[in-house]
1. Compute the Cα gyration tensor for the chain, then decide on rounded, prolate or oblate, letting a ≥ b ≥ c be the square roots of its eigenvalues: rounded whenever a/c is under 1.5, prolate when a/b is larger than b/c in the other cases, and oblate in all that remain.
2. Please give the charge dipole size of the chain, origin at the Cα centre, charges +1 on K and R Cβ atoms and -1 on D and E Cβ atoms. Round to the nearest 20 debye.
3. Report, ordered by chain and residue number, the lysines lying within cross-link reach of K173, taken as a straight Cα distance under 19 Å and ignoring same-chain residues fewer than 8 apart.
4. At R0 = 35 Å, how high is the FRET efficiency between I3 and V102 if r is their beta carbon distance? Nearest 0.05 is fine.
5. Starting from 0.36 nm per residue, how many nanometres of slack lie between A78 and T215 once their C-alpha separation is accounted for?
6. What's the longest uninterrupted piece of the chain once you rule out the trypsin sites (Lys or Arg not before Pro) that are loop residues per DSSP with at most 16 other Cβ within 10 Å?
7. Considering the dipole of the chain built from charges on the beta carbon (Lys and Arg +1, Asp and Glu -1) around the Cα centre, which of V401, Q118, M267 is farthest to its positive end?
8. For an R0 of 22 angstrom, estimate the FRET efficiency from the Cβ-Cβ distance between L66 and S111 and round to the nearest 0.05.
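Please treat every number below as a calculation from the coordinates, not as lab data. Here the structure is a predicted model, which is why all the values come from computation and not from measurement. Quick reminder, even Gly has a Cβ in these numbers, built from the backbone with ideal geometry, and neighbours come from all protein chains shown.
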Amino acid sequence: MTIHYRQDYRPFDWTVHQVELCFDLDAQSTRVQSRMHLSRKQSISRQEINREAHHSLVLDGEDLELESIRVDRQLLDAGRYQLKDNHLILHDLPNELWLETVVRIKPAENSSLSGLYQSGQNLLTQCEAEGFRRISFFPDRPDVMTRYTVRLRADPNHYPVLLANGNCLSSIKLDDGRLESLWEDPFPKPSYLFAIVAGKLVVNEAVIKTASGKTALLQVWVEPGNEDKTDWCMASLQRALRWDEQRFGLELDLERFMIVATADFNMGAMENKGLNIFNTKYVFTHPSMATDADFAAVESVVGHEYFHNWTGNRITCRDWFQLTLKEGLTVFRDQEFSADMAAQASADFGTSASRSARAVQRIAQIRTLKALQFPEDAGPMAHPIRPDTYSAVDNFYTMTVYEKGAEVIRMLQTILTPEGFRQGMDRYIHQHDGQAVTCDD
């Protein structure tokens, strides 16, 4: 078992400027072509230069069938690369290059629910924390942020809807009858936020205007027959969008924002940039089948994943030790959102009722903290919100990192006052937009 230490962090030796991906989608065998523009970092310390790894390019990859490697369009001979311990290691590279790899993956056989896998008759991804390495060779770490262009091709009889992060540039029918969809995410992101979805889906959508007057399309995609269960999810998304504009001055930055609901999604919900993927538990509500608690949970989770658009996506964590940087902060933001929504719902009964509604929300949060996080702190699993070691990244998704992390953020707001905290948030966004940072930042 490998133990990872926070103090051992080293920046990646290369800059990934751009990634172009092309998927020929099929449940049994999907072909993935990747083109990456890379350059070797020049600002490397003497100690780093002495490391052998600096002279090579080391990429992560698991369960990938390698078909070819090209550097600047030239086929790479076998002596200049090796596959070892779930890594692709390339030697004798120029300081700047275009690297092209072609691999095959098998979504239908992927039972890990990480990477690209089959859910029912649909294909979808889960890349947090280390799932992208099951899709293509890449430096699969959160501090490597780059811009993605994604081309999806598939048989429209099986996959009539093709979705990816960002904005849709085109959708055409190819000469061979397949559907091709081209997507571009204009903002740099880490690989764990990459997402695609392909399948037979229907949509509930709404066109809105952001605070600055830009038009945006909001979409909730589900399997046919479930459209009537998405109205509350859509309404919650719009409320979250307006709340973030008003409370923190943060607008939706894409032409569209999508939520996809599937019964087989194992993470509850995932904040992939512009393409959130949810378990149906946190999307489906209907007066005939849902309780008040169900409605509240959907509103909270939809808000949480939307708020990650800035606190987690536009600004992400440098390494997984910093997970509370995005999760603790975003839990605090969704708690404040839920409290404000409860207060607004009680506004017709007067100021006292609104204050009471916020208090009830806060009592519920503390009860959750005492029931689930306090025992964690009191037992053998006790750890700080920013741990110093881990053996597996999945062990980080704890009540301490999320809920106690949110309490630390709340403490800062109490000390600074809400106005002072907003000023701090404004400065944080301004200074670190597009960066992978630490809790100290």
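1. It is oblate, given that a/c is not under 1.5 and a/b is not larger than b/c.
2. So the dipole magnitude of the chain works out to roughly 660 debye.
3. Counting by Cα, and skipping residues close in sequence, K173 has these lysines nearby: K200.
4. The formula returns an efficiency of 0.50 here.
5. 44.3 nm
6. With trypsin sites (Lys or Arg not before Pro) excluded where exposed in loops, the chain gives 215-441 as its longest stretch.
7. Checked the options; the winner is V401.
8. 0.55
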